[in-house]
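Trainee: So that we are looking at the same thing, I have put the structure below in structure tokens.
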Amino acid sequence: MSRIGKAAEQGTEFYVARMTEHDLLEVVEIEEACGLSRWGWDAYHAELTENRSSIMLVGRLNGARGESPGRNVQGFVAARLVAGELHINNVAVRPECRRLGMALSLLETAIDEAARAGAHAAFLEVRAGNEAAQALYRRCGFRVAGRRAGYYAQPLEDALVMNLSILSPA
């Protein structure tokens, strides 16, 4: 299941793996550092351990930059399969590890797993002002399908709903 990626210009390699309970403190740390809507440890733990339809993945560094003690997880995606659709709840990468392709690999791996499980579509909400995230999602093939007024709090902001048709694996 692991997906290996490499950002050649930085000489940095990373891999994508399944999230474990041991990763949760770092996942929450990344959530807070990236300003995501707060889920917290309990919500991630419940999703990971109680929801059989969840797809929870982490990105870890290898190679030149190494893995520093206590900071093994550099990014994550939390998603769930519901009625043949993949709902992507959260995607985040530590600020110092952005632009390595890790978020793209996390998303592609989650979408691949969803396709193997029979999902036909994926969707997510993204802050209307978060152009970097929107560009990432477009690179994965997502398109804007709608808008949810006042969806986000702190700060109050609209959400764009983006979706993607998923082709079944051959």
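The values are calculated or read from the model by the stated rules, or taken from the named source; none is laboratory data. It should be emphasised that the depicted structure is a prediction, and the values quoted were computed from it without experimental measurement. Neighbour counts are summed over all protein chains in view; Cβ atoms, including those assigned to glycine, are modelled from backbone coordinates with ideal geometry.
Trainee: Would you pick out the residues in segment 9-57 that are among the hydrophobic types (A, V, I, L, M, F, W, C) and over 27 Å from ALA115 (Cβ atoms)?
Mentor: LEU25, VAL28, ALA33, TRP41
Conditions tested, residue by residue: (1) touching a Gly at 6+ places or on another chain (Cβ under 8 Å); (2) aromatic (Phe, Trp, Tyr); (3) surrounded by fewer than 23 Cβ atoms within 10 Å (Cβ to Cβ).
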residue: TRP41; (1), (2), (3): no, yes, yes
residue: LEU48; (1), (2), (3): no, no, yes
residue: SER54; (1), (2), (3): no, no, yes
residue: LEU57; (1), (2), (3): no, no, no
residue: ASN62; (1), (2), (3): no, no, yes
residue: ALA103; (1), (2), (3): yes, no, no
residue: ASP112; (1), (2), (3): no, no, yes
residue: ALA115; (1), (2), (3): no, no, yes
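Trainee: Tell me, please, whether a residue that is surrounded by fewer than 16 Cβ atoms within 10 Å (Cβ to Cβ), out of contact with any Leu (no Cβ under 9 Å at 6 or more places or on another chain) and assigned to a helix (DSSP H, G or I) can be found in segment 75-94.
Mentor: For segment 75-94, residues surrounded by fewer than 16 Cβ atoms within 10 Å (Cβ to Cβ), out of contact with any Leu (no Cβ under 9 Å at 6 or more places or on another chain) and assigned to a helix (DSSP H, G or I): absent.
Trainee: Name the pairs: first residue in segment 144-169 and under 24 Å from ILE111 (Cα atoms), second residue among the β-branched types (Val, Ile, Thr) and in a loop (DSSP other than H, G, I, E, B), Cβ to Cβ under 9 Å, at least 6 apart or on different chains?
Mentor: none
Trainee: Can you report the number of residues in segment 36-56 which are polar (S, T, N, Q) and either in a helix (DSSP H, G or I) or at positive phi (or both)?
Mentor: 1
Trainee: Specify the residue that is nearest to SER53 (Cα to Cα); the eligible residues are those in segment 137-156 that are modelled with pLDDT under 95 and crowded, with 17+ Cβ neighbours inside 10 Å.
Mentor: The qualifying residue nearest to SER53 (Cα to Cα) is CYS140.
Residue-by-condition table, conditions (1) closer than 16 Å to ARG94 by Cβ; (2) out of contact with any helix residue (DSSP H, G or I) (no Cβ under 6 Å at 6 or more places or on another chain); (3) in a loop (DSSP other than H, G, I, E, B); (4) at pLDDT 90 or above:
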{"residue": "GLU26", "(1), (2), (3), (4)": "yes, yes, no, yes"}
{"residue": "GLU31", "(1), (2), (3), (4)": "yes, yes, no, yes"}
{"residue": "VAL58", "(1), (2), (3), (4)": "yes, no, no, yes"}
{"residue": "ASN62", "(1), (2), (3), (4)": "yes, yes, no, no"}
{"residue": "ARG65", "(1), (2), (3), (4)": "yes, yes, yes, no"}
